[in-house]
Amino acid sequence: MTFDTLEIKDFKGIQSLTVEGLKKINFIVGKNNSGKSTLLDALYLIAKQGDPRSIIELFDIRQSSLRKGKDLKFLFPRANTKLFPDLLAFDNEKSWGIRLQAYSGDLKDGHLIGLENIDLEIDGIRLLNEKSTRRESLLKQNDKGFSGHASSTIVVRKHEDTTFYNRKVPFEFKFNDTQKGIPINYVPSSPTYQNLLEETQSVVQKRKKTELVAVLNEIEPLVEDIEILGEEIGIGLKGWEEIAPLKTMGEGFVKLFGLVVAMLNAKDGICLIDEIENGLHYSVLEKIWKHVIHVANELNVQLFITTHNIEILESFINSVEGNEQLKQTKEETTLNRILFHPEKGHLAQTYSFEEIQKQIELGNELRGR
C-alpha cells in the first residue's frame, strides 16, 4: 500500500490542499508555518482510521499535554468547531478518509459533553471513517457524516479541578474496526528519550532485534546486541564486558538508531519524519541515507520527511546518484513544496528526483520563498 494522493480540507491552518504524485520517499519542504507538520498530522490520523486514541497520541508526539478540553479546538481551522475537517488519502485500490466533528451539549449515555460548555472545559471529538472508493461520496457537503461510516468517540473527563488526559486514567472510547488501520510511526522533530525507549521496547517485543542489530552493525561494526535495562537502552559492543548506554554513543548513531527503530515498527506502512536534520552532522548524511533507503525498501515503508536543510537534499541526491543498488530510488522519490498564496490558499509544487537534482545544480531555492 502506497498513498499517491492526499487531500486536506479545513484542518488546523489548512483550508484546502491537494498533494498528488506521492511516491515511496516523499520530501516535504516549505517555509515555517506553511503546513508541513499539519500534513504529517493528517497522514497520522488517516492511517489510524478513526481510532480516537490517535488524537491523544498527536498531542503526546508534539510534547503538548492535553490539559484542557478546549485545546482540541485547535485541530479545527481558526478554532472554529462548526467546520468539519476532512482528511483523505488514496492509493491505487481504495480511499481512506477521516472526518473530525465536534459536538455541543450532551450526547446519548453521556459519552460526550459539549465543546461549548467552557465552564466544565470538557470536549468531545468524534471521528468518522469512510471505506468508499468513490471520491465524490467522501465530500458530500450536506451529509452529517460519511455514508457507510464507523463512529468513534473520545472523551476528556473532568478530574478534580482540571480537565486533562492521564495515562493512568483511561479515557472512554468507542471504536468499530470496520477498516483496519495502516501501520504508522511518527518521529517528531525533537524526540524524547522516553519516545525512543518505548519504540525500542516495541521492537524487542516484536522479536525484530536481530534486524535492528544488523543495520546498526553496518554503521558501527562493534554493535552485536541491544538490551533494555529498566529505563535505559543498552548497546552490546564486541570486546566490551559491560553494556554501553545508548546515550554515550555519537549523535549520528543515536539518530540512525531512532530512524531504524521507527521504520521497524511501521513495517508495510508509513513512517513520518519531522525535520530529519536535527541531530545529524553533514559529514554522516550520505552514509545514513543509504541505510535509511535500504531499510525502507526491505520493510516496505513509505516515507514522508520534512526538512529545512538543503544539505539533507544534496546528500540524498549524492547517495543515490551513481549507486546501482539504489537506481530504482530515483523513480520512487518526490519533493513537495508547500506554498501559501493569499488568494489561492495552500498549494503543493511537486518535483521528481531529476528535477530536484537540476534545481540544486542551478542553485535555485527549493525550500520555499
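Checked against (1) surrounded by fewer than 19 Cβ atoms within 10 Å (Cβ to Cβ); (2) not in a helix (DSSP H, G or I), ILE305 meets all criteria but (1). Of the residues making up region 6-52, those that are touching a helix residue (DSSP H, G or I) at 6+ places or on another chain (Cβ under 9 Å) and among the polar types (S, T, N, Q) number 1. Selection of region 7-31 for residues being buried (at least 20 other Cβ atoms within 10 Å of the Cβ) and under 14 Å from HIS341 (Cβ atoms) yields ILE14, LEU17, GLY30. Residues in region 207-222 that are under 15 Å from GLY258 (Cα atoms), in contact with a strand residue (DSSP E or B) (Cβ under 8 Å, 6 or more places away or on another chain) and free of Cβ contacts under 8 Å to residues at least 24 places away in the same chain were compared, and the one that is surrounded by the most Cβ atoms within 10 Å (Cβ to Cβ) is LYS209. When residues in region 245-292 are screened for being crowded, with 16+ Cβ neighbours inside 10 Å and in a strand (DSSP E or B), 4 of them pass.
Quick grid of which residues meet (1) under 12 Å from the mean Cα position of the chain (by Cα); (2) free of Cβ contacts under 8 Å to residues at least 60 places away in the same chain; (3) closer than 19 Å to GLY97 by Cβ; (4) not assigned by TED's automatic domain parsing to the domain that holds ALA296:
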site	(1), (2), (3), (4)
ASP4	no, no, yes, yes
GLU7	no, no, yes, yes
ASP10	no, no, yes, yes
GLY30	no, no, no, yes
SER34	no, no, no, yes
TYR44	yes, no, yes, yes
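Among the residues of region 246-268, the ones that are of a type in the set (Gly, Ala, Ser) and within 19 Å of GLN201 (Cβ to Cβ) come to 3 in all.
To keep it simple, each residue is scored yes or no on (1) part of a helix (DSSP H, G or I); (2) out of contact with any helix residue (DSSP H, G or I) (no Cβ under 8 Å at 6 or more places or on another chain); (3) within 23 Å of TYR282 (Cβ to Cβ).
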residue: GLU211; (1), (2), (3): yes, no, no
residue: PRO221; (1), (2), (3): no, yes, yes
residue: ILE226; (1), (2), (3): no, no, no
residue: GLY236; (1), (2), (3): no, yes, no
residue: GLU242; (1), (2), (3): no, yes, no
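With respect to (1) crowded, with 17+ Cβ neighbours inside 10 Å; (2) touching a strand residue (DSSP E or B) at 6+ places or on another chain (Cβ under 6 Å); (3) among the basic types (Lys, Arg), the lone exception for LYS238 is condition (1). The lone criterion from (1) in a loop (DSSP other than H, G, I, E, B); (2) at negative phi; (3) among the acidic types (Asp, Glu); (4) modelled with pLDDT of 90 or more left unmet by GLU354 is number (1).
The values are calculated or read from the model by the stated rules, or taken from the named source; none is laboratory data. Only a predicted model underlies this, so the values are computations on that prediction, with no experimental measurement involved. In this analysis, Cβ positions are derived from the backbone assuming ideal geometry, glycine residues included, and neighbour counts consider all displayed protein chains.
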